[in-house]
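The values are calculated or read from the model by the stated rules, or taken from the named source; none is laboratory data. The structure presented is a predicted model; accordingly, all values stated were derived computationally and were not measured. Note: ideal-geometry Cβ built from the backbone for every residue, glycine included; neighbour counts use all protein chains shown.
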Amino acid sequence: MKAVMETYKRMSIAPTKGKSSWLFDEEGNRYLDFIAGIATNSLGHGHPALVKAIQKQAEELIHCSNLYEIPLQAEVAQMLTEATDFDKVFFCNSGTEAVEAAIKLARKHAYETHGPEKYEILAFTKSFHGRTYGSLSATAQASYQEAFGPMVPGFAYAPFGDLAAAKEAIGAQTAAVLVEPIQGEGGINDAPEGFLEGLRDLCDERGALLIFDEVQTGAGRTGHLYAYQGIGVIPDVLTSAKGLGGGVPVGAMMAKEEYATLTPGNHGSTFGGNPLAMAAVKAVLEVVGDPFFLEEVRFKGAVLKNALWLIAERIPGAEVRGEGLLLAIDLADLELAKEVFEKCLEEGVLVNLIGGTTIRLAPPLTVTRTEIRTALDTIRAAVDVLVNVPFGFPAEAQPAVA
């Protein structure tokens, strides 16, 4: 790794193979993958349908310029529009690119509809929208922006969940409101009841677009194809990536017909919508788009969430957040969270520590109930040891996971 730029603080494991919910290294050690490439390996590792689709497409055509018609791209776009409330799809390669496209679309729509004075994008504290300059400027976390200023102008911020503050911030200058239905990197923060509905009303009143960043919550992660479908609030624009390709790089920005203002020369992506990525997306959608599959995700998510609450109730200030198979247990103590994370790693269960005190869980959507029990047993055992010895919290008998 000496020649690799250190943009990540890497752990001391080196997976070389994967199967279903498991990763393996060269020494034969195996790890239960409960973070799935940060909510990206939606079908786990080596899913037969995904592997077959990629292999077949690689033999036929990997890349074709968007200067030409790409039939598979049109087919996948149709699959997405038929499964959602959107009419047009722009394909790119990542979540940050999908957000960049959404920002450009919103500003162009505002420019053409209202004039150049309407350009501002309202985002929220603890958000994460990407690392390119537009998406980074929308990310209202100083730790990500530090040393990279100045940020792109035209962004405003309000506290996440504070509808009154949003109402004050949205005005004649606001082109769009950009929000995650459940904040991912910010700590798996659920939107308070009525917040997203209130944003929808404010955008309607003031002529602004409502953009949902569903890069992390989309592609079945919450037990709905997209989280908005379970919430009942329909945005004007939606961004998707991560689990959409099951591990193959792909992003998508979807919009309603009346807001799809990007035209030739306005925007593009060399690799966006290439046949290989489209084959992967089609395979993923054919699995996660099944209502029975999504119902199972919701069920497994409920089992996992309820069991996490039994653990959290033993720890002062701890709580569980999230929906479906995008969940977090916030242990309310920096040292405790670090120790639990490290003990999980020692026991071969891969979770993610974010925000200092929060353990994020985002297993493959294909995770089995037995694997959920294994992960819960590991987390519970880690808490049992740590709360009894270094932290002195009361240890009560833990009921078995149903």
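Quick look at the values:
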{"quantity": "Selection within segment 167-207 - charged (D, E, K, R) and touching a residue at least 60 places away in the same chain (Cβ under 8 Å)", "calculated": "Glu185, Asp190"}
{"quantity": "Counted residues, segment 1-26 - those being touching a Ser or Thr at 6+ places or on another chain (Cβ under 7 Å) and assigned to a strand (DSSP E or B)", "calculated": "3"}
{"quantity": "Residue within segment 244-264 that is in the same structural domain as Asp87 (by TED's automatic domain parsing), over 16 Å from the mean Cα position of the chain (by Cα), at positive phi and surrounded by fewer than 18 Cβ atoms within 10 Å (Cβ to Cβ) present", "calculated": "no"}
{"quantity": "Close pairs from segment 75-103: first at positive phi, partner aliphatic (A, V, I, L, M) and part of a strand (DSSP E or B), Cβ under 6 Å, at least 6 apart", "calculated": "none"}
{"quantity": "Condition met for Ile329 (crowded, with 17+ Cβ neighbours inside 10 Å and not in a helix (DSSP H, G or I))", "calculated": "yes"}
{"quantity": "When residues of segment 1-31 are limited to those that are surrounded by 10 or more Cβ atoms within 10 Å (Cβ to Cβ) and among the polar types (S, T, N, Q), the one farthest from Leu345 (Cα to Cα)", "calculated": "Ser20"}
{"quantity": "Residue match in segment 330-338 (condition: more than 17 Å from Leu43 (Cβ to Cβ), within 19 Å of the chain's Cα centre (by Cα) and of a type in the set (Asp, Glu))", "calculated": "yes"}
{"quantity": "Leu72 being touching a residue at least 40 places away in the same chain (Cβ under 8 Å) and not assigned by TED's automatic domain parsing to the domain that holds Gly272", "calculated": "no"}
{"quantity": "Residue among Gln141, Gln183, Gln145, Gln229 that alone is touching an Asp or Glu at 6+ places or on another chain (Cβ under 9 Å), surrounded by fewer than 23 Cβ atoms within 10 Å (Cβ to Cβ) and closer than 28 Å to Lys118 by Cα", "calculated": "Gln141"}
{"quantity": "Criterion: outside the structural domain of Ala375 (by TED's automatic domain parsing), under 26 Å from Ile35 (Cα atoms) and either touching a Lys or Arg at 6+ places or on another chain (Cβ under 8 Å) or not in a loop (DSSP other than H, G, I, E, B) (or both) - qualifying residue of Val281, Val233, Val297", "calculated": "Val281"}
{"quantity": "So Arg360, is it out of contact with any Phe, Trp or Tyr (no Cβ under 6 Å at 6 or more places or on another chain), in a helix (DSSP H, G or I) and modelled with pLDDT of 95 or more", "calculated": "no"}
{"quantity": "Members of segment 203-222 found to be buried (at least 24 other Cβ atoms within 10 Å of the Cβ), farther than 11 Å from Ile182 by Cβ and either of a type outside the set (A, V, I, L, M) or in contact with a Leu (Cβ under 7 Å, 6 or more places away or on another chain) (or both), listed by number", "calculated": "Ile211, Ala219, Gly220"}
{"quantity": "Test: Leu336 is farther than 29 Å from Leu244 by Cβ, in contact (Cβ under 8 Å) with a residue 24 or more places away in the chain and assigned to a helix (DSSP H, G or I)", "calculated": "yes"}
{"quantity": "Residues that are of a type in the set (Lys, Arg) and closer than 23 Å to Thr366 by Cβ, drawn from segment 1-56", "calculated": "Lys17, Lys19, Arg30, Lys52, Lys56"}
